[in-house]
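S.K.: Have a look at this one.
The values are calculated or read from the model by the stated rules, or taken from the named source; none is laboratory data. Everything numeric in this text was worked out from a predicted model, so none of it was measured. Here the Cβ is made from the backbone with ideal geometry for all residues, glycine too, and neighbour counts use every protein chain on show.
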Amino acid sequence: MENLIGLLVAAPLLGAAVLLCGGRRLDRSGPWVGTLLAAVSFALAVALFADMLGRSGEERTLTTTVFSWVPVGGFRADVGFQLDQLSMTFVLLITGVGTLIHLYSVGYMEHDERRRRFFGYLNLFLAAMLLLVVAGNYLLLYVGWEGVGLASYLLIGFWQHKPSAATAAKKAFLVNRVGDMGLSIAIMLMFTTFGTFAFGPVLEGAGQAGEGKLTAVGLMLLLAACGKSAQVPLQSWLGDAMEGPTPVSALIHAATMVTAGVYLITRSGALFDAAPTAQTAVVTVGAVTLLFGAIVGCAKDDIKKALAGSTMSQIGYMILAAGLGPVGYVFAIMHLVTHGFFKAGLFLGAGSVMHGMNDEVDMRRYGGLRKYMPVTFVTFGLGYLAIIGFPGLSGFFSKDKIIEAAFAKGGTEGWILGGAALLGAGITAFYMTRVMLMTFFGERRWQPDADGNAPHPHESPKTMTVPMVILAFGSVFAGGLFAVNDTFLKWLEPVTGHAHGNPPVSALTVTAATMVVLVLGVALAWARYGRKPVPVTAPRGSWLTRAARRDLLQDDFNHIVLVRGGEHLTRSLVYVDHTLVDGVVNGTAASVGGLSGRMRRLQNGYARSYAVSMFGGAAVLIAATLLMRAV
Amino acid sequence: MSFPLLTATAVVPAVGAVATAAVPAARRAAAKWLALGFSLATLVLAAVQLVRFDPDAAGPFQLTESHAWIKDFGVRYELGVDGIAVVLIALTALLIPFIVLAGWHDADPLEGASPNWRWRPTQGFFALILMVEAMVVISFEATDVFLFYLFFEAMLIPMYFLIGGFGDRAGERSEEETAAQRSYAAVKFLLYNLAGGLIMMAAVIGLYAVTADQLGMGTFSLQEIVQARADGRLDLAPAAERSLFLGFFFAFAVKAPLWPLHTWLPNAMGEATAPVAVLITAVVDKVGTFAMLRFCLQLFPEASKWATPVIVALALVSIVYGALLAVGQRDIKRLVAYASISHFGFIVLGIFAMTTQGQGGATLYMVNHGISTAALMLVAGFLISRRGSRLIADYGGVQKVAPVLAGTFLVGGLATLSLPGLAPFVSEFLVLVGTFSRYPAAGIIATVGIVLAALYVLVLYQRTMTGPVKDGVRGMPDLRVRELAVVAPLIALLLFLGVYPKPLTEIIDPAVGHTMSQVEKSDPKPDVPVNEAEAAK
Amino acid sequence: MNPVNYLYLAALLFTIGATGVLLRRNAIVVFMCVELMLNACNLAFVTFSRLHGNLDGQIIAFFTMVVAAAEVVIGLAIIVTIFRSRHSASVDDANLLKL
């Protein structure tokens, strides 16, 4: 069974290699080859899952070492895998949703001449993401971590001829690199503290290390998670990342890659549990981001960017839950899985809408689409109900638990976190209702584009709608399935551990409060976007709206401080290098040259003047000799 | 007497150089094939070295050869390789065929130039490359300080002609202007390195004087001096040891190049053709960092420890400064040059971190940097030869017209920014870990370098390869078979060593252990060591 | 006669020769002045030989004469060649070595 883990990663990797090096003859069959290998990976995952279910809770972890990777002195990094319930959950999500999105892309990318490469990149992403979750040590995890970053870079910038796409891709990679810096420092700290960075020994030994070191490790891991999961302050790349093709946004920037930060924190739970300061930082980041993302999501008119804000916000919930410690780990992962379903579904729906609307993304130019795209409308609608936490659907179960756990943190902190989570739920309801209303209800607002092509909204082909339907099923039932009998909790508990929190108010009260804010959010959105017609050009809006449209000015801050500052710095350094450092060198050369220029004048070519110097020299020598004699 | 393998590895390219130079003017193609043949023969010999080398054997050097040479001055012809040298010789021998192949048309006479039986630039170009190879190989092999010094300096001569004599086609600049800049670059290269060499010569003579004074007869033999120091027969006063160390180090720091002695590199790499630029940064400069490990640390362990804080600081400046300047460049080749300065900072940092991981990583870094820079720079060279311009601003949208070229360029770039899965990641991480475990602050500052590396690589890629297709780029042909034959193996190697670097680390590790024992340093211990059995699992 | 007087004569001749080399421009005259200096040296050698009572000085004087003869041959040839090409025998006109 252990050998299958390697195959799990190898199958999509093979696909990537074949598709990227295969050349033109694979252009036609490429999409299917990629989809097939993703499906193979999913089949392997199911086989492993079945095998795992056959064993009891504690014995479910599979570990295997394939080969020794970097052995240098006391530094040993192995290529080794660890598959436990936590990894398994991710593996199933990644391969399952991944396969569906491959299938969807077959239809979505049908007319793109570079689709072979697209599928190669998608397969590469799957391989890296699977490596990330099945890695047995932090360094191998880091390989997957940067691997998904690369795949994300390639896919965001897939339409490279658009400068905006190329810039967005670069930005995503760079911001992620800042996070990666955190991860590499964390690994170095682990190495100096424990002498290893394999999961087992590090997490077992966590209790013995000094709290200062653990706090440092925790903060660095948090930095890494912020980069990958688009949390404040490294969240700015996610909105721009929507430049990529929509299936990419669904798979990478909603369902899987962006949740890697949550995985990292949950995986390192033992470290965080021993470092309360780091945990406080984690919940703070989570709470801030869940509000930040939600506010940004309210103001965007671009359907994908609105969904991106929502993703940021939902991951904020997960990070918040993960930061709560054993009380929250299970719920973080549970929300992650349900979110994987409904957010992927929502993005695929958005893609389907764009597909039918000549790639228009501005929601102000949609309207009334429910008549034209019934399947998309229904699946999107179910995803919408799931994300706002409509009772009975997936999001309800997972989000409610997180809000509860946040209150259970206790004290002022608990009230603040719980309040933030509750407020976030209300805003979620608002912005999602807004998206829903602007897209599928109201008047039709689309117009011919600059070339005079009016969009003809139509339902998408089967390859696209089937994955949407399947994901809609997941959005509806996954949460309930997990919550019944605490199935999910029991499944994950052996790995993450679990503690029951005691909220200051009863669970029922929390649920009721959530319902109230939910209704408020929906009602407010309906009052603004359902009752009144939506203007095609965006109104100026309040200062908050304007700021939120600009990602709460964070991009402006980045631009002024980092980009401009960096440009000035490099430019002045280039100047310094040229004038000062090189100036010393050239100056030395010039002064030697100048000196010899003077000396050269002595060589005037007149034989007689040479003779004079000879005589003079001889005379001086003789005089000196005589003088020395005399003395 | 067994077959002198080490001598043969150096002599074969030297013979090749002479043979290539002797090819008549009309038979240019023959000269190319001859050069390629000899470089491949050297590669075979280097491979034999690698196979015959036994990493676990006792004693610092293997395959040794020793003959008296200049008896009056105690100069011996002493060769020997340790794990570090044998790997670097393999790198050199590996890269030269690619350099030859990549520069296949770089030295063809200009079209329309009048045929002249004496004018043989092609023959000269390839002969000089082989000459450099011979000298570099013997520098890696020499265990006699004088012998090393001789070839360390002598390789400047062919390099000078390679930089000054051959450059890119003028493109939009006038022929006179390029020629002037080229000769400026070549002279700068020569003078910089000569200055370093001159100071080193004083130190070499000083070393001789000290040994002559204390041992009764002067010697340049590395092993003898190390042995004498271990026995206590040779006792250097701290002041003397430090000044000798500085003399050696200065020369190596110029060659490496370390901030602030780096300014020759961008000029030289910018003006030389891409294959020669690879020769400079991937092969010749490695002699500098290699010599720090072999000579500075082994001959002067105490002084090395004394100078460590300053050198670590300079290395950090190099890393950050080189990367920042790379970001600010407008010229593709100069950008790669500044990136190399940043990478050399990492190598020096690793060496002077004085940990197994640091030094092992630094050695591995030398190899990986050689391969990755070769990949990036050679593809850049192919790009430049198509457009006739080195300016980043003249490109745009290349991936649309030449996707394979863009793809290989990206892989080279990703290797330069140390993406995991590609070889440079392993070495860079080892250097970082090695540094961090001794100097945490330095480790963290160096980590900033990886963010900046991503910046300059991606900005370069974005500006040249993506976006709308620019006018001069339209109709640009994709990589030809010869060019693909150069790049594909390099990329394959980058992937292989990224996934499975063990064959190299196994060879390097014992040698690094030996160097570490010379400086009497051991790795810092972890705070809470988890038990070994668990760690092994 | 006191042999020292010959030394005075030699010094005088040498000075005249040196002055001529420095002041005259005509190459032939300069050349003759060089010869004069050489002969002054010869005279001094012979005088010293006499003073010390051995033959070393006289032998060296012969050497000098041979060298001087060879020098005359080459020197005159050069001067003639220069005169042919530049129509002047002035030493100041032959300053091609100047940078």
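S.K.: For residues that are more than 8 Å from chain A (Cβ to nearest Cβ) and more than 22 Å from the chain's Cα centre (by Cα), tally how many sit in region B:411-444.
M.R.: Adding up the residues that qualify gives 4.
S.K.: Among the candidates A:ARG549, A:ARG598, A:ARG531, which residue alone is away from every other protein chain (no Cβ under 14 Å), of a type outside the set (Phe, Trp, Tyr) and more than 30 Å from A:ASP240 (Cα to Cα)?
M.R.: Details: A:ARG549 fails: more than 30 Å from A:ASP240 (Cα to Cα); A:ARG598 fails: away from every other protein chain (no Cβ under 14 Å).
Being away from every other protein chain (no Cβ under 14 Å), of a type outside the set (Phe, Trp, Tyr) and more than 30 Å from A:ASP240 (Cα to Cα) holds for just one of A:ARG549, A:ARG598, A:ARG531, which is A:ARG531.
S.K.: Right, here's the next one. For the condition in a helix (DSSP H, G or I) and touching a Cys at 6+ places or on another chain (Cβ under 7 Å), what is the one hit in B:SER304, B:SER340? Give the derivation first.
M.R.: Working: B:SER340 fails: touching a Cys at 6+ places or on another chain (Cβ under 7 Å).
The unique qualifying residue is B:SER304.
S.K.: Then there's this: May I ask you to verify whether B:LEU414 is without any contact (Cβ under 8 Å) to a residue 60 or more places away in the chain, buried (at least 24 other Cβ atoms within 10 Å of the Cβ) and assigned to a helix (DSSP H, G or I)?
M.R.: yes
S.K.: Return the residue satisfying two criteria in turn: it lies in region A:148-157 and is surrounded by 24 or more Cβ atoms within 10 Å (Cβ to Cβ) and at the interface with chain B (Cβ under 10 Å from one of its Cβ atoms), and of such residues it is farthest from A:PHE199 (Cα to Cα).
M.R.: Here the residue is A:GLY157.
S.K.: Shifting gears a bit: Return yes or no: is B:TYR338 touching a helix residue (DSSP H, G or I) at 6+ places or on another chain (Cβ under 6 Å) and either within 26 Å of B:PHE189 (Cα to Cα) or within 14 Å of chain A (Cβ to nearest Cβ) (or both)? Even if it seems obvious, please write down each step before you answer.
M.R.: On the way: touching a helix residue (DSSP H, G or I) at 6+ places or on another chain (Cβ under 6 Å): yes; either within 26 Å of B:PHE189 (Cα to Cα) or within 14 Å of chain A (Cβ to nearest Cβ) (or both): yes.
The answer is yes for B:TYR338.
S.K.: I would also like to ask the following. Please name all residue pairs, on different chains or six or more residues apart, with Cβ atoms under 9 Å, provided the first residue is in region B:314-335 and is more than 9 Å from chain A (Cβ to nearest Cβ) and of a type in the set (Asp, Glu) and the second residue is assigned to a helix (DSSP H, G or I) and surrounded by fewer than 24 Cβ atoms within 10 Å (Cβ to Cβ).
M.R.: What qualifies is B:ASP331/B:GLY270; B:ASP331/B:ILE392.
S.K.: Mind checking whether some residue in region B:447-459 is facing chain A (nearest Cβ under 10 Å), buried (at least 19 other Cβ atoms within 10 Å of the Cβ) and outside any helix (DSSP H, G or I)?
M.R.: no
S.K.: Moving on. Considering only region A:175-194, I want to know if a residue exists there that is more than 18 Å from the chain's Cα centre (by Cα), on the phi > 0 side of the Ramachandran plot and within 11 Å of another protein chain (Cβ to nearest Cβ).
M.R.: no
S.K.: Turning to a different aspect of this structure: From (1) part of a helix (DSSP H, G or I); (2) surrounded by fewer than 17 Cβ atoms within 10 Å (Cβ to Cβ); (3) in contact with a Ser or Thr (Cβ under 9 Å, 6 or more places away or on another chain), pick out the condition that doesn't hold for B:LEU194.
M.R.: Condition (3) is where B:LEU194 drops out.
S.K.: Does B:PHE152 meet the test of being buried (at least 19 other Cβ atoms within 10 Å of the Cβ), in contact with a strand residue (DSSP E or B) (Cβ under 7 Å, 6 or more places away or on another chain), more than 19 Å from B:PRO121 (Cβ to Cβ) and modelled with pLDDT of 90 or more?
M.R.: Spelling it out, it is not the case that B:PHE152 is buried (at least 19 other Cβ atoms within 10 Å of the Cβ), in contact with a strand residue (DSSP E or B) (Cβ under 7 Å, 6 or more places away or on another chain), more than 19 Å from B:PRO121 (Cβ to Cβ) and modelled with pLDDT of 90 or more.
S.K.: With respect to B:VAL145, is the statement that it is modelled with pLDDT under 90, touching a helix residue (DSSP H, G or I) at 6+ places or on another chain (Cβ under 8 Å) and closer than 23 Å to B:THR211 by Cα true?
M.R.: Working: modelled with pLDDT under 90: no; touching a helix residue (DSSP H, G or I) at 6+ places or on another chain (Cβ under 8 Å): yes; closer than 23 Å to B:THR211 by Cα: yes.
For B:VAL145, the condition - modelled with pLDDT under 90, touching a helix residue (DSSP H, G or I) at 6+ places or on another chain (Cβ under 8 Å) and closer than 23 Å to B:THR211 by Cα - is not met.
S.K.: Could you grab me the full set of residues in region A:595-612 that are surrounded by 10 or more Cβ atoms within 10 Å (Cβ to Cβ) and either over 15 Å from C:ASN95 (Cβ atoms) or of a type in the set (A, V, I, L, M) (or both)?
M.R.: A:LEU595, A:GLY597, A:ALA607, A:ALA611, A:VAL612
S.K.: Would you pick out the residues in region B:498-524 that are facing another protein chain (nearest Cβ under 8 Å) and among the basic types (Lys, Arg)?
M.R.: B:LYS502
S.K.: Answer yes or no as to whether A:VAL612 is of a type in the set (A, V, I, L, M), within 14 Å of chain C (Cβ to nearest Cβ) and assigned to a helix (DSSP H, G or I).
M.R.: yes
S.K.: Just need a number here: residues in region B:491-514 that are more than 20 Å from the chain's Cα centre (by Cα) and under 24 Å from B:VAL226 (Cα atoms).
M.R.: Going through region B:491-514 one residue at a time, the tally reaches 3.
S.K.: Would you pick out the residues in region B:461-490 that are surrounded by 17 or more Cβ atoms within 10 Å (Cβ to Cβ) and either without any contact (Cβ under 8 Å) to a residue 24 or more places away in the chain or in contact with a strand residue (DSSP E or B) (Cβ under 6 Å, 6 or more places away or on another chain) (or both)?
M.R.: Residue satisfying the conditions is B:GLN462 alone.
S.K.: May I ask you to list the residues in region C:50-66 that are under 21 Å from C:TYR8 (Cβ atoms) and in contact (Cβ under 8 Å) with a residue 12 or more places away in the chain?
M.R.: Hits for region C:50-66 are C:ARG50, C:LEU51, C:GLY57, C:GLN58, C:ILE60, C:ALA61, C:THR64.
S.K.: Using the structure shown, decide if A:VAL563 is more than 14 Å from chain C (Cβ to nearest Cβ), over 24 Å from B:TYR192 (Cα atoms) and surrounded by 10 or more Cβ atoms within 10 Å (Cβ to Cβ). If you could, list the steps in order and put the result at the bottom.
M.R.: Working: more than 14 Å from chain C (Cβ to nearest Cβ): yes; over 24 Å from B:TYR192 (Cα atoms): yes; surrounded by 10 or more Cβ atoms within 10 Å (Cβ to Cβ): yes.
So A:VAL563 passes the test.
S.K.: Here's something else I'd like to know. Cβ contacts < 8 Å: first residue in contact (Cβ under 8 Å) with a residue 40 or more places away in the chain, restricted to region A:259-271; second residue outside any helix (DSSP H, G or I), any location; separation 6+ or different chain. Result?
M.R.: A:GLY261/A:GLN231; A:GLY269/A:GLY497
S.K.: Follow-up. Restricting the search to region A:85-116, which residues are closer than 20 Å to A:GLN160 by Cβ, out of contact with any Leu (no Cβ under 6 Å at 6 or more places or on another chain) and either buried (at least 24 other Cβ atoms within 10 Å of the Cβ) or modelled with pLDDT of 90 or more (or both)?
M.R.: Correct list: A:SER105, A:TYR108.
S.K.: Somewhere in region B:176-184, is a residue surrounded by 19 or more Cβ atoms within 10 Å (Cβ to Cβ) and more than 17 Å from the chain's Cα centre (by Cα)?
M.R.: Yes, region B:176-184 contains at least one residue that is surrounded by 19 or more Cβ atoms within 10 Å (Cβ to Cβ) and more than 17 Å from the chain's Cα centre (by Cα).
S.K.: Out of the residues in region B:495-523 that are part of a loop (DSSP other than H, G, I, E, B) and exposed (fewer than 15 other Cβ atoms within 10 Å of the Cβ), which is modelled with the highest pLDDT?
M.R.: Applying the filter and picking the extreme gives B:SER522.
S.K.: For the list (1) assigned to a helix (DSSP H, G or I); (2) surrounded by fewer than 22 Cβ atoms within 10 Å (Cβ to Cβ), I need the number of the one condition that A:THR376 fails.
M.R.: Every condition holds for A:THR376 apart from (2).
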